[in-house]
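> Just dropping this structure here.
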Amino acid sequence: MINTARPEHTRLAIVAALQEEVSHILEHMHSRKCETIAGRNFWTATYQGHAVVIVLSGIGKVAAAITATTLVERFGVHEILFTGVAGAINDEVSVGDVVIGTNFIQHDMDASPLFPRYLVPGYAEIAFQADTHMSQRLKRSSAKVLSQLERTISIEIVDQFKLQGAQVHEGLILSGDQFVSDEWVRQGLRQAHSNALVVEMEGAALAQVCKDYGVAFALMRTVSDGAGEHAAIDFTAFLHAVASRYSALIVEAYLNDVQ
Ligand code: ADE
């Protein structure tokens, strides 16, 4: 992980892929102002002394890259925090767990034989890194929220999605323009990247833009499905009942973490 720790007053962007993940946060922001650029609503606000910008990225790597570039160029953000959901690749990761990305690979990048598979041409390494300072803070916030789950999420939901004992993991995340809902595809990803924890569709693109601009980046994903045949059903149900709540609680804990 790279470390670009910055003072507290720097402008932070909170980015999510879907409305449900930020609606709760937006409701609690004061003096909100909205600007629409490239079809996206960028909400600027102050939250507990933090200058923040909140935006939905849309789905996929290109949408994520447009969003991150706009945040840097037009809003001058210094830090980007992404919150969303992901499918489990590793057997140690269960639905309801939270994964903090330490590094990110574009699993659908293949310019071989000109370049090594997965390497984005022009870069020295296959994986893009998260910011250490932000990620540690995100890990503390996630652990805090999970340890108090019964206080914030109804017991029916905790039981339905078996959230009891949910854990925080940190490690490699795979990103690609593909919703993985096939056991063979999942197994293929596991074989190619044995230490990968989850698969999603935006993280590595955001990390690439942040690397190019020298902006700090961190990402947390709540595990919504097992990336197998039931992924789409699990995903939708989970998103509404759990992920939106988790995201709001973890981002709030992150902003309040002054360590
Ligand atoms: N986001 C959440 N679940 C996912 C999956 N199974 N594949 C890709 N992105 C996801």
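> When the chain is fully extended, how far beyond the present Cα-Cα distance does Asp159 get from His230, taking 0.36 nm per residue of separation?
Details: separation 71, 0.36 × 71 = 25.56 nm, distance 1.89 nm.
My answer for the length gained is 23.7 nm.
> In segment 51-126, which GluC sites (Glu not before Pro) fall in coil by DSSP and have 15 or fewer other Cβ atoms within 10 Å?
Sparse-neighbourhood loop GluC sites (Glu not before Pro): Glu92, Glu125.
> Which trypsin sites (Lys or Arg not before Pro) in segment 81-170 pass both tests, a DSSP loop state and at most 16 other beta-carbon atoms within 10 Å?
Those satisfying the criteria are Arg117, Lys162.
> Assuming a ≥ b ≥ c are the square roots of the Cα gyration tensor eigenvalues, decide whether the chain counts as rounded (a/c under 1.5), prolate (otherwise, with a/b larger than b/c) or oblate.
Oblate is the answer for the chain, as a/c is 1.5 or above yet b/c matches or exceeds a/b.
> What are the GluC sites (Glu not before Pro) within segment 170-259 that DSSP puts in a loop, where the Cβ has at most 14 other Cβ atoms within 10 Å?
Those that pass, being in a loop and sparsely packed, are Glu229.
> With each pseudo-label sitting 7 Å past Cα toward Cβ, what's the Thr36-Gln19 distance in nm, one decimal?
1.4
> Something else about it: Please order Met109, Met220, Met134 by the number of other Cβ within 10 Å, starting at the fewest.
Met109, Met134, Met220
> Only Lys, Arg, Asp and Glu count, each charged at its Cβ (+1, +1, -1, -1), so figure out the dipole size of the chain about its Cα centre, rounded to 20 debye.
On the way: 19 positive and 29 negative charges, 155 e Å.
Dipole of the chain, to the nearest 20 debye: 740 debye.
> Which value in deg cm²/dmol, rounded to the nearest 500, describes the helix-derived mean residue ellipticity at 222 nm for the chain, given -39,500 (n - 2.57) per DSSP H run of n ≥ 4 and division by the residue count? Don't skip to the answer; put the middle values down first.
Values: 9 runs with 92 residues, N = 259.
Calculated mean residue ellipticity at 222 nm is -10500 deg cm²/dmol.
> Expressed as a rounded percentage, what relative contact order does the chain have, with Cα pairs under 8 Å and six or more residues apart?
29 percent.
> Using Cα centres only, tell me the gap between segment 29-87 and segment 133-212 in whole Å.
20
> What distance in nm lies between label points placed 7 Å from Cα along the C-beta direction at Ala111 and Gln167?
3.7
> Along Cα→Cβ, 7 Å out, is where each label goes; now give me the distance between the ones at Gln187 and Tyr123 in nm to one decimal.
Label at Gln187, label at Tyr123, 2.9 nm between them.
Values quoted throughout were computed directly from the atomic coordinates according to the rules given, and no laboratory measurement underlies them. Note that the structure is predicted; figures quoted are calculated from it, not measured. All Cβ positions, even for glycine, are placed from backbone atoms using ideal geometry, and neighbour counts span all protein chains on display.
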